[in-house]
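What follows is calculated from the coordinates using simple rules that are stated; it is not laboratory data. These numbers were taken from a predicted model, which means no experiment stands behind them. Every residue, glycine as well, gets a Cβ built from its backbone with ideal geometry; the counts of neighbours run over all protein chains shown.
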Amino acid sequence: MRPPSPVLPNPIRPAFTEGSTPGSMIINIGPSHPATHGTIQIVAEISGERVIRSDVHCGYLHRGFEKECEAHNWHNLIPYTDRLNYCSGLINNFAYCEAVEKLMAIEVPRRAVLLRTLLSEYSRIADHLTCVAAALMELGAMTAFLYLITLRDWIYEHLADLTGARLTHSYGRIGGLARDLPEGWLTRLSWVLDQMDTYLGRVHGLVDRNRIFIDRMRDIAVLTPAEAIHWGYTGPVLRSTGAPRDLRKDTPYLAYGELDFEVPVGIKGDNYDRYYVRMCEMDESAHLIRQCVARLEPGPVMVDDPRCALPDKARVYSEIESLINHFKLVVDGPQVPPGEVYSAQEGPNGELGFYIVSVGGGTPWKIHVRAPSFVHVGGMSKMLDGYQLADIVPTFGSVNMIGGECDR
């Protein structure tokens, strides 16, 4: 008789199913819960209202971005990057394109570099507005939420005028940008930034010294710089602890090396500092955008390189060489030489890196995304344990986990 098959543990089983303290209770939050901002499961042991220990599980969304990249050409992957952190899709576009450009030794035109910098900061503002607005709304600050979401919607409409979409822009191109700015776009940009100054000032006045807000946020989910570095945290979560780590300053890319800006940092590494760092970063982003506008000069936004740039349509209709070039780029995509590269940019949530391996040809051998949300989820229990059950919601909101890049 065949022996019975061994009982294998469930791979998605929570790390604990029994309480460690007499009278404690195991509760489950998510993966379908309105306050988790995505498909995240939090298993928590509570004693009264106190969280004794917690275990945070991701993996319920699992978009399969990295594996899907192996079956499509280099250009066709650009729309997939929009779906990573969909609150700031342009930064995903530019970070991926920059990695491929390094492998191909392509130098992006000056105007495209400045526009990428400008649009990256515009996306950073939109992302921070979404994060802070959602966190304030979950604490009951509906007026501040409406101010911030109004701003964000103006930015989304403005980006839609440029790219054709509110979220999934697909505006980056290997070698530059899809198109130049439409007429009047910079005038509208100036108006939005002026409105931003006004509306952010109102939010500061409403919540910065609000006793309810301070009691819910100050000294909650405290991280030290050593703890944040140990868990691999980057971005506002790391800077809230007082560590001034920012790739735009430490390893300048695009036009950041020639621009003047400060890196806001916190003092305690708690929920309040994470809120305030993001608010200050929006002011710095507006300052960076204005500097980019002042430096803009007429010029091409796409490199003149037949390896990645589509030829002009007039030439496609009149020259066989241009017709063949156009056909090959559309069907096979750019031919990227063999090699590997890691390229990182400062995303709204932290270090967004693309590790790319090419064996030559029109499709990648391997693409891996260093997604900040995935790293932050890995150490989130450190920020939940020991605090109140009600603190889970504002703490989770302050981390700003985006499911699309977490379960990529």
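The range 153-170 and the range 41-62 have Cα centres lying 36 Å from one another.
The GNM of the chain, with springs linking C-alpha atoms under 10 angstrom apart, assigns the highest mean-square fluctuation among Thr168, Thr36, Thr251 to Thr251. Partners of Lys382 within straight-line reach, counting lysines whose Cα lies under 23 Å from its Cα and excluding those fewer than 8 residues away in the same chain: Lys268. For Cα extents along the principal axes in Å, several values are listed as [x] 81, 76, 32; [y] 67, 48, 43; [z] 85, 48, 41; flag the one computed from this structure. This structure yields the entry labelled [x]. Applying the Karplus relation 6.51 cos²θ - 1.76 cosθ + 1.60 with θ = phi - 60° to the range 339-348 yields 3J(HN,Hα) values of x, 9, 8, 10, 10, 10, 10, 7, x, x Hz, where x marks Gly and Pro. Taking Cα atoms only, the orientation of helix 320-331 departs from the longest principal axis of the chain by about 10 degrees. Here the dipole of the range 183-326 is about 580 debye; that uses its Cα centre as origin and unit charges on the Cβ of Lys and Arg (positive) and Asp and Glu (negative).
For Gly361, the residues whose amide H sits under 5 Å from its own are Val336, ignoring neighbours fewer than 5 places away on the same chain, with H placed 1.01 Å from N.
Highest average first, the peptides 298-308, 75-85, 336-346 ordered by how many other beta carbon atoms sit within 10 Å of their residues are 75-85, 336-346, 298-308. Taking Phe16, Phe94, Phe65 in turn, the Gaussian network model of the chain (Cα-Cα springs below 10 Å) assigns the largest fluctuation to Phe16. A Cβ-based charge dipole, computed about the Cα centre of the range 65-406 with Lys and Arg at +1 and Asp and Glu at -1, lands at about 240 debye. In terms of packing, defined here as the mean over residues of other Cβ atoms within 10 angstrom, the peptides 133-141, 267-275 line up highest first as 267-275, 133-141. Under 24 Å Cα-Cα from Lys102, which lysines qualify once same-chain neighbours fewer than 8 residues away are excluded? Cross-link targets: Lys67, Lys249, Lys328, Lys366.
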